[in-house]
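Heads up: the structure comes next, in structure tokens.
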Amino acid sequence: MPVIDLHAHVTPERYKRAIERTGYWYGLDARAGELDRGGFAQPLSQRLEEMDRFGVDMQLITPTVGFYQYENSLEVTKMIHQECADEIEEMLTGHPDRFLGMGMVPMQDPPTAVDQLERLMDRGFKGIILNDHVAGVTYDDPRYLPFFEAAESRGALLFFHQGGETITTQRNSRYKLPNAVGNLTERTMLYATLVFGGVLDKYPNLQMLLAHGGGYTPYGVARMDKVAGALPPEFDGEMNPPFPGDDGFDHERPPSEYLDRFYYDCCTYSGPVLRFLVDTVGIERVVLGTDYPAPMFLHDPVNWVRGLSELTNEEKEAILVGNSNELLGV
């Protein structure tokens, strides 16, 4: 079975050509495709060479997150997403043994998002990558329920990954805190809103992947239990509903009992942190994910995982091969 990297981005070649010719692509400049960061400007041949060098047989590729464009006009966003999907489909056709694909959909308009999700799944895509919120609106908003219903029905994998400014940007944008801290905070807020808002209870068969090890979720979920009333002062080991309703809670179980509803990539950069993640969410929920080719990507990931003293050989193979192949049906 192949080693599959489930967290890898691509900036379309058609975008690069337009930027080189005119400086713009559907109104976007060079920043959207992160051409000045990491390896986003590199050609496909270099990607394949690095995959071989790193021992990665396949990548589940997604458009670079600057192309979410949820705040753009619906028609422009649709065109951008369509062009990204076309490019990824060309990569899948040209290298079917190296790539699997995920697209984007315009979450600013849920009916259109449902329609585009259906189209992607009909084209053989595995699902979509989406931001942790839609221009500040979180996914516990009822307008997104039809979207989650469609994703569950089609078996689409939903890969949550922040894009643009993060929650720390307004407080302090120095020291790369929007990335170092805000990135992981966004993922934790996503988890909390999906759980507390009852979305996971309504759609128990959703397939979801959290980038960057789930952020602070594994570390902070016990506090979510506490704030939800699942850990009363006289806590004796049982966490049972009902939970307090005055703050809008709408979930059926303690927040920590939803950890196994998600998959988590291993992009933690630390053996002890990855060990904690595995112990918290279960080894069967952790997959290889590198954030390639971003500056923060997990370098030489296969050798890194296989060299960790914190994991057993069986756990390493589950992360590198078994879990991803089962999830993606490879």
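The values are calculated or read from the model by the stated rules, or taken from the named source; none is laboratory data. Everything quoted here is computed from the prediction, not taken from an experiment. FYI the Cβ positions are ideal-geometry reconstructions off the backbone, even for glycines, and counts take in every protein chain you see. Please note that ligands, DNA and RNA were not included when accessible areas were found on the heavy atoms of the full protein model with its side chains. Shrake-Rupley method; radii C 1.70, N 1.55, O 1.52, S 1.80 Å.
Things to note:
- Within the stretch 8-43, the set of residues being part of a loop (DSSP other than H, G, I, E, B) and of a type in the set (Val, Ile, Thr) comprises THR11 only.
- Residues of the stretch 1-32 satisfying the condition of being among the aromatic types (Phe, Trp, Tyr) and buried (at least 19 other Cβ atoms within 10 Å of the Cβ): TYR15, TRP25
- Against the test of being part of a strand (DSSP E or B) and either aliphatic (A, V, I, L, M) or open to solvent by less than 10 Å² (accessible area, probe 1.4 Å) (or both), the options TYR264, TYR258 yield a single qualifying residue, TYR264.
- Test set (1) touching a Pro at 6+ places or on another chain (Cβ under 7 Å); (2) open to solvent by 40 Å² or more (accessible area, probe 1.4 Å) - MET224 fails condition number: (2)
- The condition of being in contact with a helix residue (DSSP H, G or I) (Cβ under 7 Å, 6 or more places away or on another chain), among the small types (Gly, Ala, Ser) and either at pLDDT 85 or above or open to solvent by less than 10 Å² (accessible area, probe 1.4 Å) (or both) holds for only one of GLY213, GLY155, GLY182, that being GLY213.
- Tally, over the stretch 311-326, of residues that are in contact (Cβ under 8 Å) with a residue 40 or more places away in the chain, of a type in the set (Ser, Thr, Tyr) and surrounded by fewer than 20 Cβ atoms within 10 Å (Cβ to Cβ): 0
- The single condition among (1) within 30 Å of PRO110 (Cβ to Cβ); (2) among the basic types (Lys, Arg); (3) modelled with pLDDT of 95 or more that ARG53 does not satisfy is (1).
- Qualifying position, being open to solvent by 20 Å² or more (accessible area, probe 1.4 Å), more than 18 Å from THR290 (Cβ to Cβ) and of a type in the set (A, V, I, L, M), among LEU48, LEU35: LEU35
- Pairs where the first residue, in the stretch 85-110, is in contact (Cβ under 8 Å) with a residue 12 or more places away in the chain and the second is part of a strand (DSSP E or B) and open to solvent by 10 Å² or more (accessible area, probe 1.4 Å), C-beta under 8 Å, 6+ apart: GLU87/VAL10; ILE88/VAL10; MET91/VAL10; LEU92/LEU100; ASP97/MET58; ARG98/MET58; PHE99/MET58; LEU100/MET58
- Scanning the stretch 155-177 for residues that are over 11 Å from ASP132 (Cα atoms), part of a loop (DSSP other than H, G, I, E, B) and among the hydroxyl-bearing types (Ser, Thr, Tyr) gives THR168, THR169, SER173.
- Matching residues, the stretch 146-172, being within 24 Å of THR185 (Cα to Cα) and without any contact (Cβ under 8 Å) to a residue 12 or more places away in the chain: GLN170, ARG171, ASN172
- Screening the stretch 44-100 for residues that are among the polar types (S, T, N, Q) and part of a loop (DSSP other than H, G, I, E, B) and picking the one that is farthest from the chain's Cα centre (by Cα) gives SER73.
- Just one of (1) in contact (Cβ under 8 Å) with a residue 60 or more places away in the chain; (2) under 23 Å from VAL287 (Cα atoms) fails for ARG37. It is (2).
- Screening LEU308, LEU231 for residues that are modelled with pLDDT under 95, in contact with a helix residue (DSSP H, G or I) (Cβ under 8 Å, 6 or more places away or on another chain) and open to solvent by 10 Å² or more (accessible area, probe 1.4 Å) leaves exactly one candidate, LEU231.
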